[in-house]
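Working notes, structure below.
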Amino acid sequence: MNPVLTAAERLTVRPKKLLTASNRNLARDNILSWTLPAGPVRLADGRTVNPCPSAGICLRACYAMNGTYRIPSVRERHQCNLAYVLDDLPGWTAHMITEINTRRQPVIVRIHDAGDFFSVLRGSSVCGVMLGR
Ligand code: SF4
């Protein structure tokens, strides 16, 4: 997180690495994650987005709205992820393909441990990553 930039400006900064080893148990098995925020979210630039458009009763007990998901730096990272796919989906797709293909070891990706495939385009981009592997 760059404290010199405003929260809205930080939404436009693309991370060097997309995949994280945020879940240590999974990382031991070489499973890395990339995720979105859960449920309706108001981004720092004022946009309100719902990455879980089909969510219903699960919103009341969503694991991704509790625990470490509530830590401000974690929330911000997930919101930046959402801004990336909203604002530059082709760039995100190319970035993810490059990152996976240039790793020294094969990796298993846990995609969207929170959030959903909120649009056909978003689902297509993940298919593009799978085909680009
Ligand atoms: S992340 Fe999954 S469980 Fe949580 S609100 Fe979205 S769809 Fe429901």
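Of a type in the set (V, I, T), within 15 Å of L43 (Cβ to Cβ) and either away from the ligand (no atom under 16 Å from the Cβ) or surrounded by 15 or more Cβ atoms within 10 Å (Cβ to Cβ) (or both): is that true of V126 in this structure?
Working: of a type in the set (V, I, T): yes; within 15 Å of L43 (Cβ to Cβ): no; either away from the ligand (no atom under 16 Å from the Cβ) or surrounded by 15 or more Cβ atoms within 10 Å (Cβ to Cβ) (or both): yes.
So V126 does not fit the description; no.
Rundown of residues vs (1) buried (at least 16 other Cβ atoms within 10 Å of the Cβ); (2) at pLDDT below 95; (3) among the polar types (S, T, N, Q), yes/no style:
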residue	(1), (2), (3)
A21	no, yes, no
R28	no, yes, no
L32	yes, yes, no
P37	yes, no, no
L43	yes, no, no
T48	no, no, yes
C52	yes, no, no
Mind listing whichever residues of region 82-94 are surrounded by 15 or more Cβ atoms within 10 Å (Cβ to Cβ) and either without any contact (Cβ under 8 Å) to a residue 60 or more places away in the chain or out of contact with any Leu (no Cβ under 6 Å at 6 or more places or on another chain) (or both)? L82, Y84, V85, L86, L89, W92, T93, A94
So if I check each of T68, T98, T93, which one is over 13 Å from the mean Cα position of the chain (by Cα), under 21 Å from R14 (Cα atoms) and among the polar types (S, T, N, Q)? T98
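The values are calculated or read from the model by the stated rules, or taken from the named source; none is laboratory data. Predicted, not measured: the structure shown is a model, and the values here were computed from it. Positions of Cβ are generated from backbone atoms using ideal geometry, with glycine treated the same way; all protein chains shown enter the neighbour counts.
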